[in-house]
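Heads up, the thing below is written out as structure tokens.
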Amino acid sequence: MTKQYKYQLTENDIPKTWYNIQADLGFDLPPLLHPETKEPTILPPPLFAEALNEQEFSKEREIEIPDPVREIYSMWRPTPLIRARRLEKALDTPAHIYYKYEGGSPSGSHKPNTAVAQAFYAKQAGLNRLATETGAGQWGSALAFACGLMDMDCKVFMVRASYRQKPYRRVLMETLDAEVLPSPSAETPMGQAFLEQDPEHPGSLGIAISEAVFTAGTNDDTNYALGSVLNHVLMHQTVVGLEAQQQFEMADEYPDVLIGCIGGGSNFSGLVLPFVREKIVDGKDMRVIAVEPTAAPTLTEGLYAFDYGDTAQAAPIAKMFTLGHTFIPAPIHAGGLRYHGMAPIVSGLYDHGIIEAVAVAQLPVFEAAVQFARTEGIIPAPESAHAVKVAIDEALKAKEEGTEKVIAFNLSGHGHFDLAAYDAFKKGELEDFGFPAEEIEQAKQILPEVELA
């Protein structure tokens, strides 16, 4: 009898609603604060469509997915849940390893799940253009794709280190008719300031966010779009976990360990939040592990404090785990994980002990990614490879313990545009950046002073 590897749903099984965990957290998230007055605020109205502002603060458990958005989802959703049987065999582990594969979307990652929704609401509000930032280029590619479907323009500030490391991501975005600039750029005051300090500045997501926010705030026809961190963004991604719940029922299994990489928290949250509800509400016994790079160890080394979402202090202040808004991570190849802060929802879950976190270094991550590619045939994006690394670690622990744990992780994107990094790894030329303790401590000293009534 042929072993079953894939658990597939049909288009009719695509969720009809997003899941909003704010209804079930059991605690209230601290308010967003205005970057100048430091008073509680909503998201700045010039930056986001009103529908997204409403979703950001909603306590409704389910938010209906508009039919046009769900119809576009059907281009690549549902995505498969795959049993990694060949990896299990290579590890000689009794653990059952599953991964939810999001790399089959038009842009190659999970990011279109929110990009399409944000572009839809902006188009409904009468906007002609969206501006955004991108690290590795997966979010920029997704938004370029979504804007094209909505007949909107797209402007992307791409972190300069990734702009150089991943030229084909830029080519993809430009092929989809987006305008792509390396950040810091000469187009905004904050970009100019950083270039004056260092003409070869590697950039960061915090700087690129500042440039995109400035562009949206100074052009009436432009809104800002964010690919992670915000509550509504994480909510849009829950289609991943909602599908996975149906698929685990098909497999007649339930995860003991859920794993996802984290930069701002979107792909991790997309998989785990529907399961976290069952952990909170139903008392399900499972471990939920967020994996971050040692070069940007936001949860494992950051402070839970109010901080700016961007380097130029133009975005709202949020209470989150942060390394400090002035922190510039090393130019690791997992560009999507090079962010100083963490989503308020993820930060709250970590602060309350509901989820765990671990930081891993670049070279062990690529070692795990190569092992996965050689057994499962998929080259993971460097971001997703962080989850692969910890999934392998957990499977080896199960081997030591002799337990048949069910381990699941989100393979949130493919690494076809990251082959230069794999080539450098194969040649022994990939740098393994150390823990930036001094830089983090310096950045932590510049957090905003906030006094809440």
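The values are calculated or read from the model by the stated rules, or taken from the named source; none is laboratory data. Remember, it's a predicted structure, so these values are computed and weren't measured experimentally. As a convention, Cβ positions derive from the backbone with ideal geometry for all residues, glycine included, and neighbour counts pool all protein chains shown.
Per-structure values
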{"read-out": "Residue count for segment 71-88, restricted to those that are touching a helix residue (DSSP H, G or I) at 6+ places or on another chain (Cβ under 8 Å) and over 14 Å from residue 408 (Cα atoms)", "value": "8"}
{"read-out": "Restricting segment 263-286 to residues that are more than 19 Å from the chain's Cα centre (by Cα) and among the aliphatic types (A, V, I, L, M), the residue that is surrounded by the fewest Cβ atoms within 10 Å (Cβ to Cβ)", "value": "281"}
{"read-out": "Filtered residues of segment 158-196 (kept if over 20 Å from residue 209 (Cβ atoms), in contact (Cβ under 8 Å) with a residue 40 or more places away in the chain and among the hydroxyl-bearing types (Ser, Thr, Tyr))", "value": "168"}
{"read-out": "Of residues in segment 173-190 being within 24 Å of the chain's Cα centre (by Cα) and part of a helix (DSSP H, G or I), the one surrounded by the most Cβ atoms within 10 Å (Cβ to Cβ)", "value": "173"}
{"read-out": "Residue check for residue 31: touching a strand residue (DSSP E or B) at 6+ places or on another chain (Cβ under 8 Å), within 22 Å of residue 273 (Cα to Cα) and assigned to a loop (DSSP other than H, G, I, E, B)", "value": "yes"}
{"read-out": "Residue that is in a strand (DSSP E or B) and either without any contact (Cβ under 8 Å) to a residue 40 or more places away in the chain or within 18 Å of the chain's Cα centre (by Cα) (or both), where the choices are 155, 123, 100", "value": "100"}
{"read-out": "So residue 317, is it more than 30 Å from residue 38 (Cα to Cα) and buried (at least 21 other Cβ atoms within 10 Å of the Cβ)", "value": "no"}
{"read-out": "Number of the condition not met by residue 400 [criteria: (1) over 24 Å from residue 137 (Cα atoms); (2) modelled with pLDDT under 95]", "value": "(2)"}
{"read-out": "Positions within segment 392-404 being surrounded by 16 or more Cβ atoms within 10 Å (Cβ to Cβ) and either closer than 12 Å to residue 360 by Cα or hydrophobic (A, V, I, L, M, F, W, C) (or both), in sequence order", "value": "392, 393, 395, 398"}
{"read-out": "Residue that is aliphatic (A, V, I, L, M) and modelled with pLDDT under 95, where the choices are 354, 345, 332", "value": "332"}
{"read-out": "Flag for residue 411 being buried (at least 23 other Cβ atoms within 10 Å of the Cβ), closer than 17 Å to residue 83 by Cα and of a type outside the set (Phe, Trp, Tyr)", "value": "yes"}
{"read-out": "Members of segment 368-391 found to be in contact with a Lys or Arg (Cβ under 6 Å, 6 or more places away or on another chain) and either buried (at least 24 other Cβ atoms within 10 Å of the Cβ) or free of Cβ contacts under 8 Å to residues at least 60 places away in the same chain (or both), listed by number", "value": "368"}
{"read-out": "Residues (in a helix (DSSP H, G or I) and either hydroxyl-bearing (Ser, Thr, Tyr) or under 17 Å from residue 179 (Cα atoms) (or both)) located in segment 205-235", "value": "208, 209, 210, 211, 212, 213, 214, 215, 216"}
{"read-out": "Within segment 355-365, considering residues that are of a type outside the set (D, E, K, R) and under 19 Å from the mean Cα position of the chain (by Cα), the one farthest from residue 381 (Cα to Cα)", "value": "355"}
